[in-house]
1. From Asn36, Asn50, which residue is at pLDDT 95 or above and more than 23 Å from Phe157 (Cβ to Cβ)?
2. In contact with a Leu (Cβ under 8 Å, 6 or more places away or on another chain), part of a helix (DSSP H, G or I) and open to solvent by 10 Å² or more (accessible area, probe 1.4 Å), is that true of Val288?
3. Quick one: in region 43-88, of everything that is among the basic types (Lys, Arg) and part of a helix (DSSP H, G or I), which residue is farthest from Met145 (Cα to Cα)?
4. Taking Tyr108, is it aromatic (Phe, Trp, Tyr), under 20 Å from the mean Cα position of the chain (by Cα) and assigned to a loop (DSSP other than H, G, I, E, B)?
5. Sort through Thr194, Thr149 and tell me the only one that's surrounded by 22 or more Cβ atoms within 10 Å (Cβ to Cβ), free of Cβ contacts under 8 Å to residues at least 60 places away in the same chain and of a type in the set (Ser, Thr, Tyr).
6. Please verify whether region 232-242 includes one or more residues that are of a type in the set (Gly, Ala, Ser) and crowded, with 18+ Cβ neighbours inside 10 Å.
7. Out of all the residues in region 169-191, which are open to solvent by 10 Å² or more (accessible area, probe 1.4 Å), within 14 Å of the chain's Cα centre (by Cα) and either more than 17 Å from Gly8 (Cβ to Cβ) or not small (Gly, Ala, Ser) (or both)?
8. So, in region 128-146, of the ones that are of a type in the set (A, V, I, L, M) and either at pLDDT below 95 or part of a loop (DSSP other than H, G, I, E, B) (or both), which residue ends up surrounded by the most Cβ atoms within 10 Å (Cβ to Cβ)?
Amino acid sequence: MQSLIGTGVALVTPFKKDFSVDTEALSRIVNYQIDNGIDYLVVLGTTAENATLSHEEKELVITTVINANNGRLPLVLGVGGNNTYKVVDELKTRDFSNFVAVLSVSPYYNKPTQEGIYQHFKAVAEASPIPVILYNVPGRTASNMLPSTVLRLANDFKNVVAIKEAAGDIVQAMKLIQGKPEGFLVISGDDMVTLPMVLAGGSGVISVIGEGFPRQFSDMVRLGLERKVDEAYKLHYLLAEAIDMIFEQGNPAGIKEVFKTLGLSDNTLRLPLVNVNQDLADRLNKFVKSL
């Protein structure tokens, strides 16, 4: 899965002031990523406010991204949830001809055991017609997918090709990198530890900060993959303050504020998410203009 090495971004869903999906803004954001060095795009991940979109809106987002991308970059589609049978049904019925892989989040809220997580992804792997990227994000799911479970899945199912590891635990990431089978990709899901993970043997990132600063962040990842450590860390420290800020009051509130400053989209979110406060908005605006 060479197309998944490097920098992917988890696309936001931009909304107009009336809370409808802003397809023109979404197309602008897609082109901004492509024009500035991003390697692949992730559609309808957590950052897309997926939980607040109707079925029709999700289809609109997918169609808009496919059309705007026009075959230029690989696309990954978020297909996950805490109802295994519903996820399996989507995997069996959706047309995946425009996608190279699915990104499937570990079941949230239910808090399954490690065996429950394994059985969930066993069903996902057996149903998916394209490669599967596991997604471990215990800060959202309240359940950590342990390295032993990930490696069991990677060894048992050839189409489980990668994990987006977003536990924010570099030791856990290193255990995955050390124990993974050949060809399996360990992808950072935490922007702040992306470079250390890459230097430890990781394959890149699925990023949020990369959407706002695609040239700098994708250059950092490439330099890391090339083992140009000092140059890569210069870019890491250049962006570190912004990484902290975009997550300070929740995702995607921070990155949508960055997009507003860049003139790419409005900063509207759907409840229960709300905009960042004025203090953070001012600091983000200042950072973007200084950069």
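The values are calculated or read from the model by the stated rules, or taken from the named source; none is laboratory data. Remember, predicted model here, so these are calculated numbers, not experimental data. Here Cβ is always computed from backbone atoms with ideal geometry, including for glycine, and neighbour counts include all displayed protein chains. When the accessible area is computed, the model is the full protein with side chains, heavy atoms only, and any ligands, DNA or RNA have been set aside. Shrake-Rupley method; radii C 1.70, N 1.55, O 1.52, S 1.80 Å.
1. On inspection, the qualifying residue turns out to be Asn36.
2. The answer is yes for Val288.
3. Lys58
4. When the stated conditions are applied, Tyr108 passes them.
5. Thr194
6. yes
7. Hit for region 169-191 is Asp190, nothing else.
8. Among those that are of a type in the set (A, V, I, L, M) and either at pLDDT below 95 or part of a loop (DSSP other than H, G, I, E, B) (or both), it is Met145.
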